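The structure appears below as structure tokens.
No lab work stands behind these numbers, since they all come straight from the coordinates. Note that the coordinates shown come from a computational prediction; the quantities given were computed from them, not determined experimentally. Cβ: placed from backbone, ideal geometry, glycine included. Neighbour counts: every protein chain shown.
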Amino acid sequence: MSAATWTDRALSPRERAQALLGELTLAEKIAQLGSSWPGAEAAEGDVAPMQEAHLQAEPFAEAIAKGLGQITRNYGTAPVEAAAGARVLAQRQRAVVAASRFGIPAVAHEECLTGVTAWGCTVYPTPLAWGATFDPALIERMGVRIGSDLRSLGVHQGLAPVLDVVRDYRWGRVEETMGEDPHLVGTVGTAYVAGLESAGVVATLKHFAGYSASQAARNHAPVSMGPREFREVCLPPFQRALTVARSIMTAYIDRDGVPATVDSALLTDLLRDQWGFEGTVVSDYWAIPFVATMHRVVADAPAAGERAIAAGCDVELPHTSTFAGLADAVAAGRLDEATIDRSVLRVLTQKAELGLLDEGWTPDVDVDVIDLDSAANRAVARRVAEESIVLLDNDGLLPLGRDRSTIAVLGPVATEVGFLFGCYSFPNHVLVHHPDLGLGIDGVSYLDAIATAFPDAEVVSATGASIHDDGAGDLDAAVALARRADVAIVMVGDRSGMFGLGTSGEGCDVADLRLPGSQQELIDAVVASGTPTIVVVSSGRPYALGDSIDQASAVIQAFQPGQEGGRALAAVLAGDVNPSGRLPVQVPRPSAPQPSTYLAPPLARHSHGISNLDPSPRYPFGHGGSYTTFVRELLSPRSVVLDPEGSLTIEVEVRNTGAVGGADVVQLYVSHEVPSVVQPVRRLVGFMRTELEPGAAAVIAFTVPAGALAIVGSDLRRVVEPGRLTLTVASSADDPGAVVEVDLDGPGRALAPDEVPTVEAAERRLS
């Protein structure tokens, strides 16, 4: 092949990358595996352990001397107007191209967990809210919007979604996950990936793998999880989403003493050899130097870089540090240059796929104004927020009529719009260090939204409590307002931030699940006032609410619903929107032991009188109420025989028997009667959301391949075991539902390592 072959679009991306690879020197190859974070050294708010690493970064002009793999967070570092930021990125790309002998641009990446982490960009609900929608089609639409915004900015790779399965609600990053069930996380996460990738953006799955199972729910803590449970709980969402995604990010943790970023069994044996993944593996920020400074399994940063690339980590983020020593390792014979070639080929192949190796490529964005908070964006953000709100309890008070004369809106969460955002939103991630700039987007607080939704009512407010242990909040004033109101809305929860700047978010882990600050006292006092009380929890994790919650007239859970969340909640309260969210995590009782998960075996699901601690939740996984009623009828036989190579279909008719339109979420669970290894009492294997007008009905059909019922055996193989199991069509993990007994007949079978069987759900409307 000639030296110009790599620009030939008639060839495959891999062939083009192979041709270019053959022309590069060792130094140029290594440059393609590195990154630079221009502006980070001057960014405000750096916190340990990141601060020292920022200071180690080379200036951008020096970092690009032989070319560059990635440009880090052009928009997500400091406030910059979108079009101006695009011009800066184009200037930086031109500098990268000029520094490379072959004019190879860099991949530009940004965070995009709740929308693009950029000034003036729509803030969507947090991923935990995505899970609460049980609506993958809607989340895919959101992914398309976010991907389109990234492309309009000249960004090629988005660092999302988080596919960690929640194992301990005390972990600060629960808000970034989609819940505690592998099937839910895998289904909703894959939908987001499909949306992002359809816009031409590389989706990056994180954090691979086991990050959410850290000891005592501490960020970066070790993971003590057996290999069988690891394969059954943590890995399935990643394997499913990798059918669409082109990149994956390593985790900070070590599992059983091996840091994930240098785990060749994970990054090569499993990911490449068994699953067949051909995309790129990128490190989490500073995860490679942490192998030396935190895990301490190597002597220094260069040694960490050698182990990471040998294990299968292709790109070092957010700037080149440890990979700077790779050339010395090759010269000393500690590292084979072929190992570097392996990673460079993956990086260049992806650049070819993105069009970065095309002749005539330009970094310029051909617009003067880039609207990152469009009406179309906000409409999708509003829909996600509306569908994610979970009605936990209601004695009939909701929806509120608009004839209320006085509404007391109480609690610290009500008055500031920042309470609606996740920690990776631009306002809470970056603007917290620029308090004089304002939001840069159209967002309203819960209080303002409620006042707008009830224009004829007198809406009075008081904080009454604090989310911090500082004694702030006038409890007596709040109770006095409640007593003179027709209805009291108590709004409690948490504030998302980073590394101690919030009560939820990265590095904001908690020791227990009590509401932060004095908020429980506020609930207790207002409920005791005798005024009908609605408790709204707006948070990034579920909280163990006190017993007074049982005397509240209604309870609502919102998982940081984004900039449209205030309006969405007000619409639910007023009855303009019928709530349809379902819990992607349990809501525990104050006495429940932690960690806890609905995916518990019989020994741990209930106390059985052998422990004084009751693990049963106050509200179970999958639970959620409505302003209408639904009746279900199982149409399938109650007992079937299934071949381990075959599949079965379960049909259920759902009818709206109430007076208003609404959405039901039909859930399908599996229970194994006598498995060879301990299994959860129930495990979600399928679900379908259906929207029905009063009197309307639909048939939901679940097609269940036997492979979707496989378990991970003691030999670590996924196997369809013969024997009896039950499939339950239910409305939550604790709902008795309608049961189908299934006899798996035959010798059983082991699944292929790259096999990803899933339950498919379809809807047929009845006339």
CYS121 neighbourhood, Cβ < 15 Å, K/R = +1, D/E = -1, net charge -4
Note down the net charge around ALA82, summing +1 for each Lys or Arg and -1 for each Asp or Glu among other residues with Cβ under 11 Å from its Cβ. -4
Prolate/oblate/rounded label for the stretch 537-585 (Cα gyration tensor, a/c 1.5): oblate
Taking 412-420, 686-694 and ranking on average Cβ neighbours within 10 Å, highest first, one gets 412-420, 686-694
Can you list the residues of the stretch 602-645 with backbone N under 19 Å from a point 7 Å past the Cα of ASP715, pointing along Cα to Cβ? 644-645
What FRET efficiency, computed as 1/(1 + (r/R0)^6) with R0 = 41 Å and r the Cβ-Cβ distance, is obtained for ASP273 and LEU397, rounded to the nearest 0.05? 0.10
Degrees between helix 375-388 axis and first principal axis of the chain (Cα, 0 to 90, nearest 10): 50
With 0.36 nm assigned to each residue of separation and the Cα-Cα distance removed, ARG151 to ASP364 gains 75.5 nm
Just one of (1) 78, 69, 52; (2) 98, 77, 42; (3) 176, 93, 52 is Cα extents along the principal axes in Å as worked out from the coordinates here. Which one is it? (1)
Taking a ≥ b ≥ c as the square roots of the Cα gyration tensor eigenvalues, with a/c under 1.5 meaning rounded and otherwise prolate when a/b beats b/c, else oblate, which class fits the stretch 569-666? oblate
Dipole magnitude (debye, nearest 20) for the chain, charges at Cβ of Lys, Arg, Asp, Glu: 700
Ranked list, fewest to most other Cβ atoms within 10 Å of each Cβ, for SER591, SER518, SER647: SER591, SER647, SER518
By Cβ neighbour count within 10 Å, fewest first, VAL720, VAL492 rank VAL720, VAL492
Using a Förster distance of 35 Å, the FRET efficiency for LEU603-VAL641 (Cβ separation, nearest 0.05): 0.70
Eligible lysines near LYS66 by straight Cα distance, threshold 28 Å, same-chain separation 8 or greater: LYS29, LYS351
Could you grab the relative contact order for the stretch 102-261? Cα pairs under 8 Å, six or more apart, rounded to a whole percent. 24
Please give the peptides 314-321, 612-619, 74-81 ranked by average Cβ packing (other Cβ atoms within 10 Å per residue), highest first, as a rough proxy for protection. 314-321, 74-81, 612-619
Extension length gain for ALA696 and ASP743 (0.36 nm per residue less Cα distance), in nm, is 13.5 nm
Mind ordering 181-188, 674-681 by average Cβ neighbours within 10 Å, highest first? 181-188, 674-681
From Cα pairs below 8 angstrom and at least 6 apart in sequence, can you work out the relative contact order of the stretch 384-605, rounded to a whole percent? 31
How many nm is it between the label spots at ARG483 and ALA762, if each spot is 7 Å from the Cα in line with the beta carbon? 6.3
Determine the relative contact order of the chain: mean sequence separation of Cα pairs under 8 Å and six or more apart, normalised by residue count, in whole percent. 13
For VAL188, what is the net charge nearby, where nearby means another residue's Cβ is under 14 Å from its Cβ and Lys, Arg count +1, Asp, Glu -1? -3
May I ask for the angle, rounded to the nearest 10°, between helix 565-574 and the longest principal axis of the chain, with both axes built from Cα atoms and the value confined to 0 to 90°? 20
Contour minus Cα-Cα span, ALA375 to ALA90, at 0.36 nm per residue, comes to 99.9 nm
By the Cα gyration tensor axes a ≥ b ≥ c (a/c under 1.5 gives rounded; else a/b larger than b/c gives prolate, otherwise oblate), the shape of the stretch 630-766 is prolate
Going Cα to Cα from LYS206, which aspartates and glutamates come in below 13 Å? Please leave out same-chain ones fewer than 8 positions away. GLU111, ASP164, GLU176, ASP284
By how many degrees, 0 to 90 and rounded to 10, does the Cα axis of helix 337-353 deviate from the longest principal axis of the chain? 60
